[in-house]
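The values are calculated or read from the model by the stated rules, or taken from the named source; none is laboratory data. Given the structure is predicted, the values throughout are model-derived calculations rather than measurements. Heads up, the Cβs are rebuilt from the backbone with ideal geometry, glycines too, and the neighbour counts pull from every protein chain shown.
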Ligand SMILES: C[S@@+](CC[C@H](N)C(=O)[O-])C[C@H]1O[C@@H](n2cnc3c(N)ncnc32)[C@H](O)[C@@H]1O
């Protein structure tokens, strides 16, 4: 009987077997889009998600199995589907598009979600945790969710001061879009990303936030145990990284 790679006595490679190119392929695979498009119309609760729903459907119709595109939605869905995480941490929830996408991929994990619910964010209503809790129920989430309201520059360090033992399998940073704020959020969560865990950072090609690409690229240089991937060809861009063993 052949032993699995994890039972081999001598380990030649490091233990994390998922690499960024593989996750990118899963995110862009036609089967992944098929699964996302089964529920994506139920995420449409503002103009922006309505636009994206129409965009995805048009691209699938026009380009079929050749379509190669990434944003926070397919990267997050693929990451959660692939890892089957114990837990998920999100900074920047707004109306629940990403947290509900994660919940669709794994309906019973533990979620902790940080937002300060800035009113009229991007010109749209930002109703707060009760609204998102209701959205999660609509998307059949059955796990535990904790919302932590307030400025992430305060709430995230406070949270980890109170839970220093916690690590998260998947972390999305999509809150404060200022250069300092995004950098601070990333630095505040990276120590708590599990080995083999996935970090997702949105908007690295957003024309309104041109510095976010530099924030991401510099970050990968500062944390060599993160193995990164970027998509900036079209749309607002997204970066993700897998935490390897140190
Ligand atoms: C880009 S939206 C999040 C979008 C969501 N991830 C999605 O894809 O639908 C950013 C959110 O971060 C929140 N935010 C901005 N700055 C913040 C800060 N310093 N602390 C906590 N939340 C913040 C805003 O209230 C807003 O809801």
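Just the residues that are closer than 24 Å to residue 128 by Cβ, surrounded by fewer than 17 Cβ atoms within 10 Å (Cβ to Cβ) and touching a strand residue (DSSP E or B) at 6+ places or on another chain (Cβ under 7 Å), please, taken from the range 60-116.
Hit for the range 60-116 is 110, nothing else.
Show the residue pairs meeting these rules: Cβ distance below 8 Å; 6+ apart or different chains; first residue within the range 85-98 and at pLDDT 95 or above; second residue away from the ligand (no atom under 12 Å from the Cβ) and in a loop (DSSP other than H, G, I, E, B).
Matching pairs, first to second residue: 85/106; 85/109; 86/109; 87/109; 88/106; 88/109.
Against the condition more than 18 Å from residue 20 (Cβ to Cβ) and more than 19 Å from the chain's Cα centre (by Cα), how does residue 53 come out, does it pass? Can you show your working first?
Numbers: more than 18 Å from residue 20 (Cβ to Cβ): yes; more than 19 Å from the chain's Cα centre (by Cα): no.
So residue 53 does not fit the description; no.
Residues being within 14 Å of the ligand (Cβ to nearest atom) and touching a residue at least 24 places away in the same chain (Cβ under 8 Å): count how many of those fall in the range 156-186. Walk me through how you get there before you give the answer.
Step one: of the range 156-186, the residues within 14 Å of the ligand (Cβ to nearest atom) are 156-159, 170-186.
Pick out the ones that are also touching a residue at least 24 places away in the same chain (Cβ under 8 Å) and you get 156-157, 159, 170-177, 179, 181-186.
Total meeting the criteria: 18.
Which residues, counting only those in the range 132-154, are at negative phi, within 13 Å of the ligand (Cβ to nearest atom) and surrounded by fewer than 17 Cβ atoms within 10 Å (Cβ to Cβ)?
Hits for the range 132-154 are 149, 151, 153, 154.
Do we have any residue at all in the range 110-118 that's at pLDDT below 95, over 16 Å from residue 43 (Cβ atoms) and more than 10 Å from the ligand (Cβ to nearest atom)?
Scanning the range 110-118 turns up no residue that is at pLDDT below 95, over 16 Å from residue 43 (Cβ atoms) and more than 10 Å from the ligand (Cβ to nearest atom).
Which residue out of 96, 92 is touching a helix residue (DSSP H, G or I) at 6+ places or on another chain (Cβ under 7 Å) and within 12 Å of the ligand (Cβ to nearest atom)? First the steps, then the outcome.
Working: 92 fails: touching a helix residue (DSSP H, G or I) at 6+ places or on another chain (Cβ under 7 Å).
Going through 96, 92 in turn, the sole match is 96.
Show the residue pairs meeting these rules: Cβ distance below 6 Å; 6+ apart or different chains; first residue within the range 105-128 and within 20 Å of residue 159 (Cα to Cα); second residue in a loop (DSSP other than H, G, I, E, B) and more than 10 Å from the ligand (Cβ to nearest atom).
109/85; 109/143; 110/143
Rundown of residues vs (1) in contact (Cβ under 8 Å) with a residue 40 or more places away in the chain; (2) in contact with a strand residue (DSSP E or B) (Cβ under 7 Å, 6 or more places away or on another chain); (3) surrounded by 11 or more Cβ atoms within 10 Å (Cβ to Cβ), yes/no style:
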| residue | (1), (2), (3) |
| --- | --- |
| 9 | no, no, no |
| 18 | yes, yes, yes |
| 33 | yes, no, yes |
| 38 | no, no, no |
| 41 | no, no, yes |
| 44 | no, no, yes |
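Yes or no: the range 74-81 includes at least one residue that is free of Cβ contacts under 8 Å to residues at least 40 places away in the same chain and in a helix (DSSP H, G or I).
Step one: list which residues in the range 74-81 are free of Cβ contacts under 8 Å to residues at least 40 places away in the same chain, which gives none.
No.
Does the range 170-200 hold any residues that are farther than 24 Å from residue 95 by Cβ and crowded, with 22+ Cβ neighbours inside 10 Å, and which are they?
Answer for the range 170-200, where residues must be farther than 24 Å from residue 95 by Cβ and crowded, with 22+ Cβ neighbours inside 10 Å: 193, 197.
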